[in-house]
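This report concerns only the one structure given below.
The values are calculated or read from the model by the stated rules, or taken from the named source; none is laboratory data. What you see is a predicted model, and the numbers here were worked out from it, not measured in a lab. Neighbour counts run over all protein chains shown; Cβ positions are idealised from the backbone, glycine included.
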Amino acid sequence: TVGCVVVDGNGWCAAATSTGGLMNKMMGRIGDSPLIGSGTYACDFCAVSCTGEGEAIIRSTLARDVAAVMEYKGLGLQEAVDYVIKNRLDEGQAGLIAVSRNGEVAHGFNTTGMFRACATEDGFMDVGIWE
Amino acid sequence: MGGWAIAVHGGAGVDPNLPAERQEEAKRVLSRCLLLGIAALRGGSAAVDVVEKVVRELETDPVFNSGRGSALTRQGTVEMEASIMDGRGRRCGAVSGLSTIKNPVSLARLVMEKSPHSYLAFDGAEDFAREQGVEVMDNSYFITEENVGMLKLAKEANSILFDYRIPVTGVETCSASAGSMVDNALQMNGLPISIYAPE
């Protein structure tokens, strides 16, 4: 799975996710990537793209939950990401990237690693795989 | 307002024994795609344009399992899926079951912008793609030799999962050695994590 989340200079957020799914999957299997609110979500608060065990991400509506806890619980972006990774996945294995309308970036995963990279306008840039 | 920001990913659940050269290759692709997005943002592009552009680039590179180098079904076929969402107005588009579309994310955007629907799948999505004139590719474009090998490994592991006779072939790809797979016992959907493409 690949994904990208962006907040532009005007504070608008967007997310996109694309995948071939899982190797050896059954014909007709739908994963989380195309399901808005599960693998992909964007709103006024943030944009989120998920990856990992699709069935667990679908059950937890992972991407939408990041936005929901920001909106209803008042959490910051990284707090919201940490919250859903810890409390929504049950035993599922997944990760996600997110940006907020305030120009923040965040990521979280409970897998061994996640291929990811991020940058912000103030010059921060990071590329990583492991914790 | 805090200025622009961007993040990209190429999948989670990485094999802890992923060879160093594969790690570097993945980082190179991620960095290239990130820089592409940064340049677009510095040029004043809208968020939705940037996410489409970056994901198209990731889809085109076989290092990750979307688009070219896609994961395969049990039958060895490709069924790709993608979605895009613009936070401005909460507009969205999604596609599933694609087998010929070079860049699924761009078809998802067309669903969002040129159709009355949010989600099209399989034959309907392929028909819509032809109507919209998007670029299509022969099936062989998506199916790489490496992924055919990984599917074979996945099938073998599935059938021998319970007696731990993990195949040692494929170690040169992103699969771990037999011993390390047993030692780590990391599984996803009932299969050793090493079986999966870099996901």
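Select from segment A:1-49 the residues that are polar (S, T, N, Q) and either touching a residue at least 40 places away in the same chain (Cβ under 8 Å) or within 7 Å of chain B (Cβ to nearest Cβ) (or both) and write down the one among them that is surrounded by the fewest Cβ atoms within 10 Å (Cβ to Cβ). Among those that are polar (S, T, N, Q) and either touching a residue at least 40 places away in the same chain (Cβ under 8 Å) or within 7 Å of chain B (Cβ to nearest Cβ) (or both), it is A:ASN24.
Among the residues of segment A:111-131, the one identified as more than 7 Å from chain B (Cβ to nearest Cβ), within 20 Å of A:VAL7 (Cα to Cα) and charged (D, E, K, R) is A:ASP126. Taking the listed residues A:GLY113, A:GLY92, A:GLY76, the one that is more than 13 Å from the chain's Cα centre (by Cα) and surrounded by fewer than 20 Cβ atoms within 10 Å (Cβ to Cβ) is A:GLY76, with no other qualifying.
Condition check ((1) more than 14 Å from every other protein chain (Cβ to nearest Cβ); (2) buried (at least 20 other Cβ atoms within 10 Å of the Cβ); (3) part of a helix (DSSP H, G or I); (4) modelled with pLDDT of 85 or more) across all residues:
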| position | (1), (2), (3), (4) |
| --- | --- |
| B:ALA129 | yes, yes, yes, yes |
| B:VAL148 | no, no, yes, yes |
| B:LEU153 | no, yes, yes, no |
| B:ASN158 | no, no, yes, no |
| B:PHE162 | yes, no, yes, no |
| B:VAL171 | yes, no, no, no |
| B:ALA176 | no, yes, no, no |
| B:SER180 | no, no, yes, no |
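Only a single criterion out of (1) outside any strand (DSSP E or B); (2) in contact with a strand residue (DSSP E or B) (Cβ under 6 Å, 6 or more places away or on another chain) is not satisfied by A:ASP44, namely (2).
Taken as a whole, the structure places B:GLU113 among residues that are modelled with pLDDT of 95 or more, under 18 Å from B:VAL55 (Cβ atoms) and more than 7 Å from every other protein chain (Cβ to nearest Cβ).
If we scan segment B:13-28, do we find a residue that is more than 24 Å from A:GLN93 (Cβ to Cβ), facing chain A (nearest Cβ under 8 Å) and either at pLDDT below 95 or surrounded by fewer than 24 Cβ atoms within 10 Å (Cβ to Cβ) (or both)? No - not one qualifying residue is present in segment B:13-28. Confirm whether B:PRO62 is in contact (Cβ under 8 Å) with a residue 40 or more places away in the chain and of a type outside the set (A, V, I, L, M, F, W, C). Yes, satisfied. What about B:SER66, is it among the hydroxyl-bearing types (Ser, Thr, Tyr), in a loop (DSSP other than H, G, I, E, B), within 7 Å of chain A (Cβ to nearest Cβ) and over 18 Å from A:ALA117 (Cβ atoms)? It is false that B:SER66 is among the hydroxyl-bearing types (Ser, Thr, Tyr), in a loop (DSSP other than H, G, I, E, B), within 7 Å of chain A (Cβ to nearest Cβ) and over 18 Å from A:ALA117 (Cβ atoms). Evaluated against (1) buried (at least 22 other Cβ atoms within 10 Å of the Cβ); (2) among the charged types (D, E, K, R); (3) out of contact with any strand residue (DSSP E or B) (no Cβ under 6 Å at 6 or more places or on another chain), A:GLU55 falls short on exactly one condition, (1). When segment B:14-40 is filtered for residues that are assigned to a helix (DSSP H, G or I) and in contact (Cβ under 8 Å) with a residue 12 or more places away in the chain, the ones remaining, listed by number, are B:ARG22, B:GLU25, B:ALA26, B:VAL29, B:LEU30, B:ARG32, B:CYS33, B:LEU34, B:LEU36, B:GLY37, B:ILE38, B:ALA40.
Within segment A:103-131, being free of Cβ contacts under 8 Å to residues at least 40 places away in the same chain and not in a strand (DSSP E or B) holds for A:GLU104, A:ASN110, A:THR112, A:ASP122, A:GLY123, A:PHE124, A:GLU131. Within segment B:96-120, the set of residues being under 21 Å from A:LEU22 (Cβ atoms) and in contact (Cβ under 8 Å) with a residue 40 or more places away in the chain comprises B:SER99, B:ASN103, B:PRO104, B:VAL105.
Looking across A:SER33, A:SER38, A:SER49, one residue alone is under 22 Å from B:ASP15 (Cα atoms) and outside any strand (DSSP E or B). It is A:SER33. Residues in segment B:78-96 that are out of contact with any His (no Cβ under 9 Å at 6 or more places or on another chain) and more than 7 Å from chain A (Cβ to nearest Cβ) were compared, and the one that is surrounded by the most Cβ atoms within 10 Å (Cβ to Cβ) is B:ARG91.
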